[in-house]
Amino acid sequence: MGATKSKEPAKSQRGAVDLSLLSARCDKVYINGLQRTHDDYINRAVLNLFKAETFKDLLVETGQCKANLNELGIFKDVHVSIDVSKGDSATKNGYEITFKGTELSRLTGSIGTEIGNNEGAATAEITSPNIFGRGERLSVSGSYSNNRTTDFNVKLSKPFYHTRMGDYKPEVSLNLFKNTGSFPWSKYTTQDAGAMLDFSFLMPVYLSHHFQYEWAVREIGTAEKRVPFFVRKNCGPRLASLFRHMCIYDQRDSSIFPSQGLFIKMTNEMSGFGGNVSYTKSDTHGEINIPLFGGMSLQFCGRVGMVQENDKSPAVPISNLFTLGGPLTVRGFQTAGVGEHIEGAAVGAHTYWASGIHLWTHLPFRRHFGGFGENFRVHFFGNAGNVDSFSTEGCRTSIGAGIAFRLGERARIELNYCKPLSKAKKDAARPEGFQFGIGYEFL
């Protein structure tokens, strides 16, 4: 009989072993460090480990399971070790995976800052995670912004990641809130207090849904002594009862400086299920990014919205109307500068559309600044939009160029040189020159 040779794993030219040719399976999974968490809440997070057939699959699934455990919101950190399976129940090519986690304490707190659209706020939050052992979370948070607006929230959330629908990340939350807002471009303030029930889930194709019911007392007040009559007649408290649906599709490679991908966000509201505020409102934002050569990218974006009173209902309050213009939308105009103004106050619109086109590129010689240079971008842009009309007749346009700086993956700062090309008599346009903006949703 001729001698036989054992089959060795394939190797690359550099001698690296091809792990996809090494048979492997998971015999056991240990999760250490659990104190108040129920076993059924974490079991689903590691089930895919038992589907691994090669050592490469085992490594990939181990990394994914670690990410799943972190998403549960019960661990401060998670460490992983892989060892050969031992004992009487050990199988050939079997391995044991051990996850060692440290649960979050019963009470955590944080103090920080938050960037909004053209405002910054100091925030504080106290959280009690994993209250009943299945990811429940109670948080109390508050913020105060440079515009003297305040937010106070008490939120109780319950995830259902451990159920049969766990792959869709379903979650239910109840939020009690009280907040104030300031809108100097229309010379009014708001005070809202109420409750919101939210049910959210994530579809496999980058699509997330939020179904919300909100019950709130909304009060509008004057921001100064001399206020136009059309603002004053909107003042006073109102009771709002509404349903809201938000649908978000996000396939971008970055939310701040995307170079490719599609983004769509649709929000629909229907108010009038009790109370004295009755309207139907729809707002859609879309964005597509196309990579070009030399690190450049082309961006097309647009928004469209409409709000109308329901049958035999009072007029839509000014706080629910649309405004357009400013460093985050149609650049070259003041905030809410597109549309009719009475005594210096923006009236607001029932319909609007706006669009933008950008050519983005890196800073020249950015390599000399190290990784810090990656936080900057240069762009050339054009904006167009109109209010109370879906036509292009009489639309406002502007062009310009500027530099943008990324604040993590949460917001960006822009300094642009803007030139308005077309405007209406009742608009509040800015003279040609520089305009500063900070926020997380730009057009």
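The values are calculated or read from the model by the stated rules, or taken from the named source; none is laboratory data. None of the values given here were measured: they were computed from a predicted structure. A quick note on method: Cβ atoms are made from the backbone with ideal geometry, for glycine too, and the neighbour counts reach across all protein chains shown. Just so you know, the surface numbers come from the protein's heavy atoms only, side chains and all, with ligands and any DNA or RNA stripped out. Shrake-Rupley method; radii C 1.70, N 1.55, O 1.52, S 1.80 Å.
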Residues that are within 30 Å of residue 230 (Cβ to Cβ) and basic (Lys, Arg): which strands (runs of 3 or more DSSP E) entirely in the stretch 345-443 hold 1 or more of them? 396-407
In the list 226, 244, 252, 218, which residue meets the criterion of being exposed (fewer than 14 other Cβ atoms within 10 Å of the Cβ) and either touching an Asp or Glu at 6+ places or on another chain (Cβ under 9 Å) or acidic (Asp, Glu) (or both)? 226
Unique residue being touching a Gly at 6+ places or on another chain (Cβ under 7 Å), among the acidic types (Asp, Glu) and crowded, with 16+ Cβ neighbours inside 10 Å when the list is 27, 57: 27
For the stretch 360-369, state whether one or more residues are closer than 24 Å to residue 264 by Cβ, open to solvent by 10 Å² or more (accessible area, probe 1.4 Å), hydroxyl-bearing (Ser, Thr, Tyr) and in contact with a strand residue (DSSP E or B) (Cβ under 8 Å, 6 or more places away or on another chain). no
Residue in the stretch 183-195 that is farthest from residue 250 (Cα to Cα), counting only those that are touching a residue at least 40 places away in the same chain (Cβ under 8 Å) and open to solvent by 40 Å² or more (accessible area, probe 1.4 Å): 185
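Run down 254, 271, 200, 259 and say which single residue is within 27 Å of residue 387 (Cα to Cα) and among the hydroxyl-bearing types (Ser, Thr, Tyr).
Just a single option satisfies the conditions, and that option is 271.
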So how many residues does the stretch 233-271 have that are under 23 Å from residue 323 (Cβ atoms) and out of contact with any strand residue (DSSP E or B) (no Cβ under 7 Å at 6 or more places or on another chain)? 1
Could you tell me whether residue 198 is surrounded by 14 or more Cβ atoms within 10 Å (Cβ to Cβ) and over 25 Å from residue 314 (Cα atoms)? yes
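Any idea which of 172, 205 is under 23 Å from the mean Cα position of the chain (by Cα) and assigned to a loop (DSSP other than H, G, I, E, B)?
Numbers: 172 fails: assigned to a loop (DSSP other than H, G, I, E, B).
Checking each option against the conditions leaves just 205.
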Could you tell me which residue of the stretch 330-344 is farthest from residue 231 (Cα to Cα), considering only residues that are open to solvent by 20 Å² or more (accessible area, probe 1.4 Å) and of a type in the set (Val, Ile, Thr)? 335
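So that you can scan it fast, the table gives a plain yes or no per residue for (1) surrounded by fewer than 15 Cβ atoms within 10 Å (Cβ to Cβ); (2) of a type in the set (S, T, N, Q); (3) at pLDDT 85 or above:
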position	(1), (2), (3)
346	no, no, yes
371	yes, no, no
380	yes, no, yes
384	no, no, yes
397	no, yes, yes
404	no, no, yes
Can you tell me which of (1) over 23 Å from residue 157 (Cα atoms); (2) touching a residue at least 24 places away in the same chain (Cβ under 8 Å); (3) touching a Ser or Thr at 6+ places or on another chain (Cβ under 7 Å) is the one residue 74 doesn't meet? (1)
Any residue in the stretch 408-426 that's of a type in the set (A, V, I, L, M): show its pairings with residues that are open to solvent by 50 Å² or more (accessible area, probe 1.4 Å) at Cβ separation under 6 Å, as long as the two are six or more apart or on different chains. 411/115; 411/440; 413/405; 415/403; 415/436
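Of the residues 49, 58, 34, which is modelled with pLDDT of 80 or more and more than 18 Å from residue 83 (Cβ to Cβ)? Spell out the reasoning first.
On the way: 49 fails: more than 18 Å from residue 83 (Cβ to Cβ); 58 fails: more than 18 Å from residue 83 (Cβ to Cβ).
After applying the criteria, what remains is 34.
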Could you check the stretch 268-278 and list, in sequence order, the residues that are buried (at least 18 other Cβ atoms within 10 Å of the Cβ), of a type in the set (S, T, N, Q) and not in a strand (DSSP E or B)? 278
Breaking point among (1) within 16 Å of the chain's Cα centre (by Cα); (2) closer than 29 Å to residue 176 by Cβ; (3) among the polar types (S, T, N, Q), for residue 241: (1)
So if I check each of 281, 265, which one is part of a strand (DSSP E or B) and under 16 Å from residue 318 (Cα atoms)? 281
So which residues in the stretch 286-305 are within 12 Å of residue 379 (Cβ to Cβ) and either open to solvent by 20 Å² or more (accessible area, probe 1.4 Å) or in contact with a helix residue (DSSP H, G or I) (Cβ under 9 Å, 6 or more places away or on another chain) (or both), if there are any at all? 296, 298
Please state which of the following conditions residue 90 fails to meet, knowing it meets all the rest: (1) surrounded by 11 or more Cβ atoms within 10 Å (Cβ to Cβ); (2) assigned to a strand (DSSP E or B); (3) modelled with pLDDT under 90. (2)
